[in-house]
1. For the range 78-86, state whether one or more residues are closer than 29 Å to Pro323 by Cβ and over 25 Å from the mean Cα position of the chain (by Cα).
2. Taking helices (runs of 4 or more DSSP H) that fall entirely within the range 18-130, which contain at least 2 residues that are open to solvent by 60 Å² or more (accessible area, probe 1.4 Å) and closer than 27 Å to Ile314 by Cα?
3. If I filter the range 250-264 down to residues being of a type outside the set (A, V, I, L, M, F, W, C) and modelled with pLDDT of 85 or more, which single residue comes out as most open to solvent (accessible area, probe 1.4 Å)?
4. Any residue at all in the range 336-356 that is polar (S, T, N, Q), more than 30 Å from Lys231 (Cα to Cα), loosely packed, with under 11 Cβ neighbours inside 10 Å and without any contact (Cβ under 8 Å) to a residue 12 or more places away in the chain?
5. Are there any pairs with C-beta distances below 7 angstrom linking a residue in the range 383-412 that is more than 13 Å from Gln360 (Cα to Cα) to a residue that is basic (Lys, Arg), with the two at least 6 apart or on different chains, and if so which?
6. Regarding the range 4-20, can at least one residue be identified that is among the acidic types (Asp, Glu) and under 22 Å from Phe311 (Cβ atoms)?
7. Just to be sure I understand, how many residues within the range 377-410 are under 18 Å from Val237 (Cβ atoms), among the hydrophobic types (A, V, I, L, M, F, W, C) and not in a loop (DSSP other than H, G, I, E, B)?
8. Restricting to the range 179-205, give me the number of residues that are modelled with pLDDT of 90 or more and loosely packed, with under 12 Cβ neighbours inside 10 Å.
Amino acid sequence: GGIVLHQGRIAEMKTGEGKTLVATLPAYLNALTGRGVHIVTVNDYLAKRDSEWMGKVHRFLGLKVGLIVHGLTTKERQAAYAADITYGTNNEMGFDYLRDNMCIYSTELVQRGHAFAIVDEVDSILIDEARTPLIISGQGEKSTQLYDMAEMFVSRLKKQAVVQVDNKEEEDPAEADADYIVDEKAKTAMLTARGIAKAEEFFHVENLSDPENATLSHHINQAIKAHGVMKRDIDYVVKDGEVIIVDEFTGRLMLGRRYNEGLHQAIEAKEGVTVARESRTLATITFQNYFRMYEKLSGMTGTAQTEAAEFEEIYGLQVVEVPTNKPVARTDYNDVVYKTEPAKFNAVIEQIIECHEKGQPVLVGTISIEKSELLSKLLSRRGVKHEVLNAKHHEKEAEIVAQAGKKGAVTI
């Protein structure tokens with residue numbers, strides 16, 4: 001595994017085979033050049049844990065280890081990047097790079113180049129979140145009134161949802177019996193001819209497509225997106241009068257993050273909470289572009305073979321499967337496919353009850369708050385005692401997880 005990482009490839013190793021430990025080998029070797037090695041993880045907890053666990057090895061061998069997590073000062077960041085080996089999260093390192101590009105004096109820079117990176121859970125960072133833009137924004141001009149007006153207008157419109165707009169056989173979307181069409185696959189929404197006519201009448205403009213009505217048109221588009229595409233308790237939650245984004249990959253709340261280009265304000269107007277001031281993008285980069293700057297890039301994960309072609313094409317990275325140290329004792333069953341959603345959920349409930357009666361602890365993963373609450377309802381109906389962990393209850397996370405392995409525990 002260590003050799004594969006040193007060669008700048010991806011080591012696919014099963015969970016429990018020691019990915020964290022393996023990273024110490026190429027990290028030490030490449031740190032000897034003195035140019036710095038970055039070990040990138042998906043969250044602050046892992047970065048902190050790995051830097052403490054593995055840092056012992058590096059310090060014993062005479063190297064300095066740094067840690068980049070949320071809430072450090074510029075001085076602390078400079079010290080962490082100056083170390084031979086730096087542990088940190090993809091978000092923090094990406095934002096540091098953006099902030100460095102906005103510095104006026106070279107003494108304010110925190111990073112010192114991009115020589116070698118080892119990315120943990122590489123498929124999550126380089127494929128799933130590859131096009132997620134990191135954005136640093138400043139305050140823009142005030143225009144909250146338009147959001148409220150666009151909201152008043154859009155809330156009266158009729159929408160039609162389609163799975164994909166590009167099917168040629170379907171009727172022309174412009175002639176549909178609706179004011180706007182929502183494309184659920186591409187996550188977009190657009191006004192129909194009828195919707196445009198209504199907008200021109202409502203806002204007293206002659207032609208919505210005129211350049212001088214660009215701002216108005218933009219506000220209406222964001223409002224129909226807020227109504228048609230963004231769903232409460234799936235894409236965001238409303239908490240203490242604030243709209244908070246839910247991370248689609250981890251299901252966690254992303255405090256302080258906002259949708260850009262006025263979409264966040266449009267959702268605030270839709271939910272009837274205070275509409276905040278607009279923001280302007282000052283600097284932005286995607287993870288894909290950030291990690292392509294490294295002279296040498298490598299990564300590790302339990303599942304890379306499925307995306308091998310993308311790794312090769314986008315990053316020039318080859319995937320090498322590292323066999324397990326001993327034969328795998330666990331049985332990995334094939335997927336089970338059901339025709340309808342109710343059939344699937346019934347099967348899930350039956351399976352949970354079967355395991356629960358044997359006293360086996362059960363962990364159920366879902367993709368949204370809505371689904372986790374649906375399963376919870378179904379279980380309650382059957383009288384199964386269980387805990388629910390989702391973005392709404394994330395304060396109790398450690399507590400719920402700590403109990404999840406107990407005899408007969410059921411956790412969603």
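The values are calculated or read from the model by the stated rules, or taken from the named source; none is laboratory data. Note that the structure is predicted; figures quoted are calculated from it, not measured. No Cβ is skipped: glycine too gets one built from the backbone with ideal geometry, and neighbour counts run over all protein chains shown. These area figures cover heavy atoms from the full protein model, side chains too; ligands, DNA and RNA do not enter into them. Shrake-Rupley method; radii C 1.70, N 1.55, O 1.52, S 1.80 Å.
1. Just the residues of the range 78-86 that are closer than 29 Å to Pro323 by Cβ, to begin with: 85.
Within this subset, residues satisfying the condition of being over 25 Å from the mean Cα position of the chain (by Cα) are 85.
Among the residues of the range 78-86, at least one is closer than 29 Å to Pro323 by Cβ and over 25 Å from the mean Cα position of the chain (by Cα), which makes the answer yes.
2. On the way: elements: 19-22, 24-31, 44-60, 74-82, 90-102.
Answer list for the range 18-130: 24-31, 90-102.
3. So the first thing to find is which residues in the range 250-264 are of a type outside the set (A, V, I, L, M, F, W, C), and the list is 250-252, 256-262, 264.
After this cut, where a residue has to be modelled with pLDDT of 85 or more as well, the list is 258-259, 262, 264.
Working: Arg258: 98, Tyr259: 52, Gly262: 4, His264: 1 Å².
The selected residue is Arg258.
4. In the first step, residues of the range 336-356 are kept if they are polar (S, T, N, Q); the result is 340, 346, 351.
Subset that is more than 30 Å from Lys231 (Cα to Cα): none.
No, because not a single residue in the range 336-356 is polar (S, T, N, Q), more than 30 Å from Lys231 (Cα to Cα), loosely packed, with under 11 Cβ neighbours inside 10 Å and without any contact (Cβ under 8 Å) to a residue 12 or more places away in the chain.
5. Qualifying pairs under 7 Å: Ala391/Arg252; His394/Arg252.
6. Keep residues of the range 4-20 that are among the acidic types (Asp, Glu), which gives 12, 17.
Retained after the next criterion (residues that are under 22 Å from Phe311 (Cβ atoms)): 12, 17.
Yes, there is a match, as at least one residue in the range 4-20 is among the acidic types (Asp, Glu) and under 22 Å from Phe311 (Cβ atoms).
7. Just the residues of the range 377-410 that are under 18 Å from Val237 (Cβ atoms), to begin with: 388-397, 400.
Narrowing the set further to residues that are among the hydrophobic types (A, V, I, L, M, F, W, C) leaves 388-389, 391, 400.
From what's left, not in a loop (DSSP other than H, G, I, E, B): 391, 400.
Qualifying residue count for the region: 2.
8. Qualifying residue count for the region: 2.
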